[in-house]
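Inspection log for the structure reproduced underneath, given as C-alpha cells.
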Amino acid sequence: MSTETPTQTTTQLQQLTAFLLTSLSPIVKSNDLDAWQENGTLILNGEDKGSDGYQVAKWKHNAVIALERFPHRRINPYNLLAMVAAFLIDSDWQRDEYGLDDPQLDIDVVSKDHATVLIEVQLIDNIELLPDPNGPVLFNGENYRVSLVPLNIAETVDVQQKGADV
C-alpha cells in the first residue's frame with residue numbers, strides 16, 4: 001500500500017470561489033468577490049480513517065458568495081449560473097447523500113453596467129484530525145491538529161481462489 005496525501009486542502013467554499021474568480025478573470029476582480037459561511041450544523045461522527053486519523057465531524061453550512069460590480073452586460077449572467085452548476089456537478093461532492101439544497105441566486109441590478117450577485121449554496125466539509133503532540137485539539141486523551149487524513153490506496157491486489165485447480 002502507498003500513502004498518498006489528499007489533494008484537497010481547502011474548504012469547498014474556497015474551491016468554489018477560486019473557480020469562479022479564475023473563470024471570470026480578468027473582468028471580475030478579486031476585491032469584487034467576498035465569501036463567507038453562515039448557519040452551520042456540526043454533524044458528529046468520530047470515524048476512524050486509519051493512519052491514526054479521525055473524522056470527528058462534518059460541517060454543513062450555507063455558503064454565501066457576493067459578487068459586486070458584476071458586469072452583467074459584458075458577461076451573460078447565464079454563464080455565471082452555468083459555471084456554478086457545472087462546478088458543483090463536476091465536484092462529485094456528496095450533495096444528494098446529505099440533502100443539500102440547490103444554489104439560490106439573487107441578482108440586483110445597481111446600474112446599467114453593474115449588478116450585485118449573491119450566490120447561496122449549501123456545502124459540507126469534513127473535519128478531520130491527525131495526531132500532533134503540539135496540536136490544539138484534545139481528542140481521546142491525545143493532541144491532534146485539523147488536517148485531512150492521508151488515504152491509503154492499494155497499488156496491487158492479490159486474488160486467490162479457493163478450491164480451484166491450477
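Some points to look at:
- Every residue from the range 69-81 that is out of contact with any Ser or Thr (no Cβ under 9 Å at 6 or more places or on another chain) and open to solvent by 90 Å² or more (accessible area, probe 1.4 Å): Arg73, Arg74, Tyr78
- Matching option when the condition is more than 15 Å from Ala57 (Cα to Cα) and open to solvent by 50 Å² or more (accessible area, probe 1.4 Å), among Leu138, Leu105: Leu105
- Looking across the range 73-119, just one residue is closer than 18 Å to Glu38 by Cβ, over 21 Å from the mean Cα position of the chain (by Cα) and not hydroxyl-bearing (Ser, Thr, Tyr), and that is Asp106.
- Single unsatisfied condition, Thr9 versus (1) in a loop (DSSP other than H, G, I, E, B); (2) open to solvent by less than 60 Å² (accessible area, probe 1.4 Å); (3) of a type in the set (Val, Ile, Thr): (2)
- Residue match in the range 82-91 (condition: among the charged types (D, E, K, R), more than 21 Å from Trp59 (Cβ to Cβ), part of a loop (DSSP other than H, G, I, E, B) and open to solvent by 50 Å² or more (accessible area, probe 1.4 Å)): no
- Within the range 108-135, the residues that satisfy the criterion of being closer than 19 Å to Lys49 by Cα, in contact (Cβ under 8 Å) with a residue 40 or more places away in the chain and open to solvent by less than 40 Å² (accessible area, probe 1.4 Å) are Ile124, Asp125, Glu128, Leu129, Leu130.
- The residues of the range 24-65 that are touching a residue at least 40 places away in the same chain (Cβ under 8 Å), of a type in the set (A, V, I, L, M) and buried (at least 16 other Cβ atoms within 10 Å of the Cβ), listed by number, are Leu24, Val28, Val56, Ala57, Ala63, Val64, Ile65.
The values are calculated or read from the model by the stated rules, or taken from the named source; none is laboratory data. Everything numeric here is computed off the predicted structure, so don't read it as measured data. Please note: Cβ atoms are built from the backbone with ideal geometry, for glycine as well, and neighbour counts cover all protein chains shown. Keep in mind that these areas ignore ligands, DNA and RNA; they rest on the heavy atoms of the full protein, side chains included. Shrake-Rupley method; radii C 1.70, N 1.55, O 1.52, S 1.80 Å.
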